[in-house]
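A short worksheet on the structure shown next.
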Amino acid sequence: MKLNIVLAVWAIITALFGLGFFFVPEMTLAMYREVPSSGHIVMARLYGGTALGFALLAWLTRSITDQSARRKILTAILVFPLVHLVVFLKAILLDGQATPTMLLTVTLPAVFLCLFGYFYLTKRD
């Protein structure tokens, strides 16, 4: 598998989550069985904006040919699914919030974290 394909797929999935959290936070939070307050909505929109930024970064990284720059950007991209995974694992394991949506939300960053980690550690393209 090529890094460009992984970046493209991750960018699309992350952008979809970002769009949902940014434009329709009430509906998106309802999938997590959350009753949104005004604070939840603000945080969801902040998360959505961050997700959109990382999705755009991943999408644009596909066209960079300089390996050093690409590796540095990949390091930054690795942080997003890592933090995502830690936060949602805590919610599931320690807070007991295991819903089907939560499980999907943990599985996706775990898969992409492994894929990005593979490309980072092997220095493959």
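A few points about this structure:
- Size of charge dipole - the range 1-124 - debye, nearest 20, with Cβ of Lys, Arg +1 and Asp, Glu -1, no other charges: 560 debye
- Taking a Cβ cut-off of under 11 Å around residue 28, the surrounding Lys, Arg, Asp and Glu residues balance to a net charge of -1, with basic ones at +1 and acidic ones at -1.
- Paired Rg and Dmax values of the chain, which use every Cα atom, in angstrom: 15.2, 46
- The residue among 110, 63, 5 whose Cα reaches farthest toward the positive pole of the charge dipole of the range 3-122, with charges on the beta-carbon of Lys, Arg, Asp and Glu, is 63.
- Extension gain from residue 31 to residue 13, taking 0.36 nm per residue of separation minus the Cα-Cα distance: 4.9 nm
All of the numbers you see were taken from the coordinates with simple rules; none came from a lab. What you see is a predicted model; the values in this text were computed from it and never measured. Counting neighbours? That spans all protein chains shown, and the Cβs are built from the backbone with ideal geometry, glycine included.
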